[in-house]
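Quick note: the coordinates plus some simple rules give every number you see, no bench work behind them. Everything quoted here is computed from the prediction, not taken from an experiment. FYI the Cβ positions are ideal-geometry reconstructions off the backbone, even for glycines, and counts take in every protein chain you see.
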Amino acid sequence: MSGIVGIVQFDGSPVDFAVLRKLTDFLVFRGPDTQQTWFKDNVGMAHTLFKTTEESERDSQPLTLDGKTWIVADARIDAHEELFAALKEAGAFDITPSRWTDAELILRAYRTWGLHCVDHLLGDFAFGIWDESKKRLFCARDHMGVKPFYYAQLGAYVIFSNTLDCIRRDPRISDKLNDLAIADFLFFGFNQEPATTSFAEIRRIPPAHYATWSRDGFSIRRYWSLPIEEPIFYKQANDYIAHFHDLLHKSVADRLRTNRVGVFMSGGIDSPTLASTARDLLRQRYQSFELLALTNVDSLLPEERHYAGIVASHLGIPVEYRDWNDIEHFNWEQTPFSLPEPRSDVYLILAERRFWNQLGGYSRVFFYGEGPDNALLLDWQSYSHYLLRRGQYTQLARDILTTLLSEKRLPFWQRISNKIKGAGRLPNQREETYPGWLNPSFEARLQLRERWHTLHAPVLSLHPVRPKAYASFQTPLWQLLFEYFDSGVTKLAFDVRHPFLDVRMLRFLLALPALPWCRSKYLIRRAMRGRLPNEILARRKATINAYQTGNFFAKLCATPFRPNLELCDFIDPHWISQAQPGGAESHLRIRSLNHWLQNSYRNSHTFVESSS
């Protein structure tokens, strides 16, 4: 999670080096190893290095190969051999590639293919390239948006960074809020627009997009979309297993360029699959290595300690438990700390930072197992209709039979059972209602009632076979997840990687026949036979009781509420005086916004906090 920042004055006026130096110093928390700046006339760039791979020991940025084209990047480029081969075929192979850093790979790809270099890159990246010959700034963000990228443009002045708070410290950038993003936070807990932030003048490059600036103007383009492909039909079931293992090996290996790594490991099957694969690869690569499992334990999922312990014992790795049972006792509302944007899980931040400080000396790289819950959504009805439309009756019969034989109980009994249990509920009991606590002028000015109904309308998926799974990757919630672990939020330097979200893996998982491979993650359960304990392979997915969750949120909001004056711009003052929340989650979001306005927004340029 190295830090990057760049400034370009397209009117030709010189860059203020004092400002660039100030922004570089601010980014030291992202890159404590080395800090370097470069500037020439109207362009300046800076990089703060955080070493997470063997190649990064040689990293030195801002980087140039010819004195004309410069790059700053926070990047991990995957599939090196394929990229080397493509560069060699294009005639760019002039030195020993094993010496190339990730930033140099990107720069050589740009020199070879120009703006189309992003079509040849895999991995997690955010970078900015200044091309002196074209007087052009070119910036890009990875396919899924794992790495953040922010920018602001005021006339001819452009500033970019992978850290929102860094841009806010530029004296040219105002604190004016993006009211629509604040409304989205109050409605949903996160911004629904991937190209904006909570600040009117600061924007994001969305995932899988690149942007260019020149004297001719600004443009932004999407370079990749999650493909819609026909299902894969192999003759042998073992071919699916072999394909999965091949992709799993590649996605973990590309992210495992260190001999010390941690895995966020639950007692389910996804993260233990990553832990097992990482252990095997570490054994092959290194004579000595360290692999640590990190497991959350709380009253909502008390059995996680037991199942995670079984996995850790089976793999022969240590496990560190994080006990969240007393999280509600943290006095988060009265404790000053800063966040780039408002978050509904603000109550976790203090405990998270304390925990990461304790593990700061263990590893710089951690794995997270998110992905299969979405990519392996069942979608059995759409899949069945697809086969029937194509007249593939034999294939459908075979898939249904295989699914029945793979289960110890009727596959859809739980869903039928849940419908029966819920038959006595009122039809609208679970429907969300429009909040009545908004400031009326705020609501009218932004036409928030219309926005509420628009964003609550059913989402139509373009995928004819796996619509639910495909649509689940179009939500801005992924950006929220990635930023949860980002140094801009944690204020600590570590890198969280997501092997299941490798685009090669996602393409395969979304092209699987829904039956039987997506039923209860049958693909992973079968692939991990003999590699994980049977007790884990047979375990059903754990669920959290909604009643317990409501009680938990209610406890977080049990203390007296002391609103800031700014809150009245968004919330009805009468509601604040009456202190009548519309629901536990809504109340928590309001109080979280209140904390952010007091401690992050109001004190943006002067706030100093300790991560200890």
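Taken as Cα centroids, the stretch 358-389 and the stretch 124-187 sit 29 Å apart, rounded to the nearest whole angstrom.
For the stretch 2-85, which trypsin sites (Lys or Arg not before Pro) pass both filters: DSSP loop (anything but H, G, I, E, B) and at most 12 other C-beta atoms within 10 Å?
Numbers: sites: 21, 22, 30, 40, 51, 58, 68, 76; in loops: 30, 51, 68.
Here the trypsin sites (Lys or Arg not before Pro) that fit, given the DSSP loop and packing criteria, are 68.
Working out 0.36 nm times the residue gap between residue 174 and residue 565, then minus their Cα-Cα distance, what length gain in nm do you get to one decimal?
Numbers: separation 391, 0.36 × 391 = 140.76 nm, distance 1.95 nm.
So the extension gain works out to 138.8 nm.
Modelled this way, with points 7 Å down the Cα-to-C-beta line, the labels at residue 135 and residue 223 are 2.4 nm from one another.
For the residue pairs 22/491; 40/88; 88/235; 22/68; 51/468; 51/250, the alpha carbons lie more than 27 Å apart in 40/88; 88/235; 51/468. Taking 0.36 nm per residue of separation and subtracting the Cα-Cα distance, full extension of the segment from residue 450 to residue 54 would add 137.4 nm.
Let me check I've understood the local charge: for residue 39, count other residues with C-beta under 10 angstrom from its C-beta, Lys and Arg +1, Asp and Glu -1. What total comes out? Show your work: numbers first, answer last.
Working: positive: 21, 40; negative: 16, 41.
Net of charged neighbours comes to 0.
Here r is the Cβ-Cβ distance between residue 119 and residue 233 and R0 is 35 Å; the resulting FRET efficiency, rounded to 0.05, is 0.80.
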